[in-house]
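Engineer: Pasting in a structure now, in structure tokens, and then I'll have a few things to ask.
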Amino acid sequence: MTEVLNPFRIAQQQLDTAAEKLGLDDATHELLRWPMHELKVTMPVRMEDGTTRVFHGFRIRHNTARGPAKGGIRWHPDETVNTVRALATWMTWKTAVVDIPLGGGKGGVVCNPKELTDTEKERLARAYVRALGKTLGVTKDVPAPDVYTTPQIMAWMMDEYETLTGEHHPGVITGKPIPLGGSHGRGDATARGGIYVVREAAKSLGIDLQDATMVIQGFGNAGQHAARIGHELLGMKLVAASDSKGGVYNSKGIDVEVLIDHKIRTGHVNGFAHADAISNEELLELETAVLFPAALENVITRKNASRINCTILCELANGPTTPEADDILYEKGIFVLPDFLANAGGVTVSYLEQVQNTYNLYWNLEEIHFRLKDTMRRAFNSVSEMSRNNTVHMRNAAYLVAVARVAEACKLRGWV
Ligand code: NAD
């Protein structure tokens, strides 16, 4: 049997399993299988050499029963409508599992930002907001940064939206630079939230993580912060890290700050003097207490799942594990912290950013960390209780918690 790797099909399959277990009626199940709103936009943008290039983009709202759509904008050459649909769907479950009053959305532009100048990026960012127009808004749909989009891009988008509406609306977009209404703690929120749930998982498994090993696939934003915070808060030891060019491994431990410095200077982890080279495939199969996939989708499949050798798998990336691999990991007794729980710290602090923007009142870093920790701990506890009570693995349990909450909101609204 060939494994289906269309991410939207995977998102639908995951929902189907939860719907069956929850006994959802057909209408609610069908409603939740599809995005409620899809917009495809075509944007002509003047390049610096005087030519015009036409870019294609999407903005998709999966479900808004619990609140305005929330989700990042990705700029990637391989972006497809199905990836955006899947990610919008996962945002619905993510906001529901951490119980914040938001729905799920996602955006994407097919482009290679590495080939664009800053001026061209600004023109594309503004063109995207003009194309989406008033479908965006604090009470409708609130984007954020994602793969290859930055706080600066969010600032241009916010400015374009405010120019369109003639009003001050900092909460229309999150992940902004701090001087424009961004929140303290947003930069490392995804990784920090992941580390908070790893700590809860270790407590529930009775494992001490002091000096335990961690392995990180994808030493980018989320991966680097996870290494740093995992070491600072839990005393874990980084033994391997990788990026798109390959990985490095040292069983005695790697100094996180020195590796980050090397990555910043050279652009990759390869060639780091204090570790040996290792391939991405080998790195995923290392024996370790915690493995963080923090790069791309579909890296743990039925081909390698039986060789994954960690105690806790903390999915900072979206969709790193296929459903076939999930079952294998469960049989092996690996404790999986599923993506939409493990990486929900980013959207949680985005929500806190929106709240601060609405009140025009700003909190310090301690306040943000306190609220993030509390949200992640409560989310972990609901999922872990669901997992124990129904004898299902953590991903299915997270689906049961999230889907039940969204289904209830749809029902209370009288939609189904
Ligand atoms: P990033 O671009 O900063 O980092 C990604 C890293 O992965 C880079 O170092 C890149 O070289 C590496 N990479 C790319 N292809 C690889 C491959 N084939 N093998 C190994 N490494 C590879 O992106 P990020 O913001 O850290 O996001 C990483 C993942 O986390 C994505 O799936 C993203 O959707 C998810 N995520 C991020 C956030 C966030 O706030 N940053 C929030 C939620 C989810």
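Engineer: I need a count of the residues in the stretch 259-277 that are of a type in the set (Val, Ile, Thr) and more than 14 Å from LEU238 (Cα to Cα).
Structural biologist: 2
Engineer: In this structure, does SER204 turn out to be more than 11 Å from the ligand (Cβ to nearest atom), small (Gly, Ala, Ser) and in contact (Cβ under 8 Å) with a residue 12 or more places away in the chain?
Structural biologist: Taking the combined requirement at face value, the residue satisfies it.
Engineer: Quickly run through the stretch 90-133 and pick out the residues that are of a type in the set (D, E, K, R) and closer than 16 Å to GLY57 by Cα.
Structural biologist: The answer is LYS106, GLU120, LYS121, GLU122, ARG123, ARG126, ARG130.
Engineer: Just one of (1) assigned by TED's automatic domain parsing to the domain that holds SER350; (2) at positive phi; (3) not small (Gly, Ala, Ser) trips up VAL198, so point out which.
Structural biologist: Of everything listed in (1) assigned by TED's automatic domain parsing to the domain that holds SER350; (2) at positive phi; (3) not small (Gly, Ala, Ser), VAL198 misses just condition (2).
Engineer: Still on this structure, please answer the following. In this structure, does GLU79 turn out to be more than 17 Å from the chain's Cα centre (by Cα) and outside the structural domain of PRO320 (by TED's automatic domain parsing)?
Structural biologist: No, not satisfied.
Engineer: Which of the residues spanning the stretch 41-88 are assigned to a helix (DSSP H, G or I) and either within 13 Å of the ligand (Cβ to nearest atom) or surrounded by fewer than 20 Cβ atoms within 10 Å (Cβ to Cβ) (or both)?
Structural biologist: VAL81, ASN82, THR83, VAL84, ALA86, LEU87, ALA88
Engineer: Please indicate, with yes or no, whether at least one residue in the stretch 317-335 is assigned by TED's automatic domain parsing to the domain that holds GLY218, under 19 Å from LEU233 (Cα atoms) and of a type outside the set (Val, Ile, Thr).
Structural biologist: no
Engineer: Sort out which residues of the stretch 43-82 are free of Cβ contacts under 8 Å to residues at least 40 places away in the same chain, touching a strand residue (DSSP E or B) at 6+ places or on another chain (Cβ under 7 Å) and polar (S, T, N, Q), and write them in order of number.
Structural biologist: Across the stretch 43-82, the qualifying residue is only THR52.
Engineer: Scan the stretch 289-312 residue by residue and report those that are part of a loop (DSSP other than H, G, I, E, B), within 16 Å of the ligand (Cβ to nearest atom) and not acidic (Asp, Glu).
Structural biologist: Across the stretch 289-312, the qualifying residues are ALA294, ALA295, LEU296, ASN298, VAL299, THR301, LYS303, ASN304, ILE308.
Engineer: For VAL392, which of the numbered conditions (1) farther than 22 Å from PRO145 by Cβ; (2) in contact with a Leu (Cβ under 8 Å, 6 or more places away or on another chain); (3) outside any loop (DSSP other than H, G, I, E, B) fails to hold?
Structural biologist: Every condition holds for VAL392 apart from (3).
Engineer: If I filter the stretch 207-261 down to residues being within 14 Å of the ligand (Cβ to nearest atom) and in a loop (DSSP other than H, G, I, E, B), which single residue comes out as surrounded by the most Cβ atoms within 10 Å (Cβ to Cβ)?
Structural biologist: PHE219
Engineer: Out of contact with any helix residue (DSSP H, G or I) (no Cβ under 8 Å at 6 or more places or on another chain) and either touching a residue at least 24 places away in the same chain (Cβ under 8 Å) or in the same structural domain as ILE195 (by TED's automatic domain parsing) (or both): is that true of HIS268 in this structure?
Structural biologist: Criteria met by HIS268.
Engineer: Please enumerate the residues belonging to the stretch 264-288 that are surrounded by 20 or more Cβ atoms within 10 Å (Cβ to Cβ) and either within 11 Å of the ligand (Cβ to nearest atom) or part of a helix (DSSP H, G or I) (or both).
Structural biologist: VAL269, LEU283, LEU284
Engineer: Let me ask you something else. Can you name the condition, by its number, that PRO143 falls short on among (1) outside any loop (DSSP other than H, G, I, E, B); (2) modelled with pLDDT of 95 or more; (3) away from the ligand (no atom under 16 Å from the Cβ)?
Structural biologist: Result: PRO143 passes all but (3).
Engineer: Taking the stretch 121-140 on its own, how many of its residues are within 16 Å of the ligand (Cβ to nearest atom) and hydroxyl-bearing (Ser, Thr, Tyr)?
Structural biologist: Looking only at that region, the number is 0.
Engineer: Those residues that are outside any helix (DSSP H, G or I) and surrounded by fewer than 24 Cβ atoms within 10 Å (Cβ to Cβ), I need them from the stretch 320-369; list them, please.
Structural biologist: THR322, GLY333, ILE334, PHE335, ASN360, LEU361, TYR362, TRP363, ASN364 - these are the residues of the stretch 320-369 that are outside any helix (DSSP H, G or I) and surrounded by fewer than 24 Cβ atoms within 10 Å (Cβ to Cβ).
Engineer: So the check is Cβ under 6 Å with 6+ separation or different chains; which pairs have a first residue in the stretch 224-241 that's under 11 Å from VAL198 (Cα atoms) and a second one that's among the aromatic types (Phe, Trp, Tyr)?
Structural biologist: ALA226/PHE292
The values are calculated or read from the model by the stated rules, or taken from the named source; none is laboratory data. The structure displayed is predicted, hence computed values, not measured ones. Every residue, glycine as well, gets a Cβ built from its backbone with ideal geometry; the counts of neighbours run over all protein chains shown.
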